[in-house]
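Here's the structure, in structure tokens; my notes come after.
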Amino acid sequence: MTRIFSGIKPTGHATLGNYLGAMRRWAEVDQHQSDALFSVVDLHALTVEHDPARLRRLSRQAATLMLAAGLDPALCTLFVQSHVVEHVRLSYLLECTATDGELRRMIQYKEKGAQALAAGRSVRVSLLTYPVLMAADILAYGTDEVPVGDDQTQHVELTRDLAVRFNQRYGHTFTVPKATHPQVAARVMDLQDPASKMGKSHDAGAGIVYLLDDADQVRKKIMRAVTDSGREVEYDRERSPGVANLLEILSACVGGNPIDLAGVYESYGVLKRDVAEAVVELLRPVRERHAELASDPGYVDQVLEEGAERARGMARPRVDAAYAAFGLLPMG
Ligand code: AMP
Ligand code: TRP
């Protein structure tokens, strides 16, 4: 059976981008067809300045939202990354496999590193090494497929390179995984700035739909989305990025392809109204289920505890094998 691994960083409130690019597919498809693990990758939230209390809150919220989105602990393994020490154990060996040059080429490192320096903040070493930890997340489980949004392609490519290099040097240890992306909405753009990704760690929220926004907030944000100076509703990512983004969101919600949907609309106003209603309906059950689950944190904790136990059992033999292959003496 295909082994799937994916994760979400608790760096902010989860967005419509997270849902359409990743979480919805995990719940609707992946957990039913595959042997799937999904993780709140909390160690990845530490690569930029963070507030411990907020991290705790957001980690529990991310797990609760994953359940609310439909992940079922009877079908998949849901856990918190820091509960399974194998990730960090393997990450060190992969740091001894990766090169400084290949990590410095990562787009996210270049962008976030530059942002930190511009704001007069120092850059944590973990911002550079983070893709290696992500590779460890994936490789520890013999993962075949990694369902993610477009922005993670480069990190999964690095993971493949590290797996191949390790296998060549030290003997076959890791499965070489591949990234998979949704057909539409693999990169949902910010409604106020359609040139950049809708990302949960952005400062301003006006262009970001959060999964826990109420219906009025969702409507307001979508009705105020930046469109283009033209009038025709056309699907053209280059010339009309704002409209193309709305058409992709609509297509992800109601089906059909964005080009055909463009032909249905004569004005931006009507398109926005339909997108707003489609997103409100899409998120309604997630928000309702989240409210139920949030009132029972004991249940969420128990799911995470059982998930971590299962994940440990799956990761340990492969990480032990990697340590042995590297030449480290086995523990008694
Ligand atoms: P992150 O929030 O960076 O931890 O991302 C969790 C998952 O959501 C990853 O698979 C991302 O690729 C995906 N994702 C994040 N933002 C977007 C977006 N704007 N559009 C599509 N997918 C996204
Ligand atoms: N780096 C991913 C992101 O920013 C999150 C992540 C960490 C991940 N480890 C992973 C995704 C392993 C897939 C598989 O979205």
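The values are calculated or read from the model by the stated rules, or taken from the named source; none is laboratory data. On a predicted model such as this, the values are computed, not experimentally measured, just so you know. Positions of Cβ are generated from backbone atoms using ideal geometry, with glycine treated the same way; all protein chains shown enter the neighbour counts. Each accessible area value is taken on the protein alone, full model and side chains, heavy atoms only, with ligands, DNA and RNA left out. Shrake-Rupley method; radii C 1.70, N 1.55, O 1.52, S 1.80 Å.
The table for this structure:
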quantity: Cα gyration tensor shape of segment 162-308, rounded if a/c is under 1.5, else prolate or oblate by comparing a/b with b/c; calculated: oblate
quantity: Segment ARG273-GLN217, length gained on full extension (0.36 nm per residue, minus Cα span); calculated: 18.8 nm
quantity: For segment 1-141, share of DSSP beta bridges that run antiparallel, in % to the nearest 5; calculated: 0
quantity: Listed residues GLY70, ALA36, ALA262: farthest to the positive end of the dipole of the chain (Cβ charges); calculated: ALA36
quantity: In Hz, Karplus ³J(HN,Hα) per residue of segment 6-12 (6.51, -1.76, 1.60; θ = phi - 60°; x = Gly, Pro); calculated: 8, x, 9, 8, x, 9, x
quantity: Candidate residues ASP151, ASP216, ASP193: accessible-area rank, largest first, probe 1.4 Å; calculated: ASP216, ASP193, ASP151
quantity: Heavy-atom surface of the chain, accessible at 1.4 Å and reported per residue (Å²); calculated: 47
quantity: Apportionment of accessible area to carbon and sulfur, the chain, percent (1.4 Å); calculated: 51
quantity: Counting DSSP beta bridges with both ends in the chain, the antiparallel % (nearest 5); calculated: 10
quantity: Packing rank of 22-29, 61-68, 88-95, where each peptide gets the mean count of other beta carbons within 10 Å, highest leading; calculated: 61-68, 22-29, 88-95
quantity: Peptides ranked, highest mean first, by Cβ atoms within 10 Å: ranges 206-215, 161-170; calculated: 206-215, 161-170
quantity: Student exercise, the chain dipole from Lys, Arg, Asp, Glu Cβ charges, in Debye to nearest 20; calculated: 780
quantity: 222 nm mean residue ellipticity, helices alone, for the chain (DSSP H n ≥ 4; -39,500 (n - 2.57); rounded to 500); calculated: -16000 deg cm²/dmol
quantity: Karplus-derived 3J(HN,Hα), 6.51/-1.76/1.60, for each residue of segment 39-45, Hz, glycine and proline x; calculated: 10, 7, 8, 5, 5, 6, 8
quantity: Projected-area mean, the chain, by convex hull of Cα positions, square nanometres; calculated: 18.0
quantity: Computed over segment 215-292, Cα set: Rg, Dmax in Å; calculated: 13.0, 44
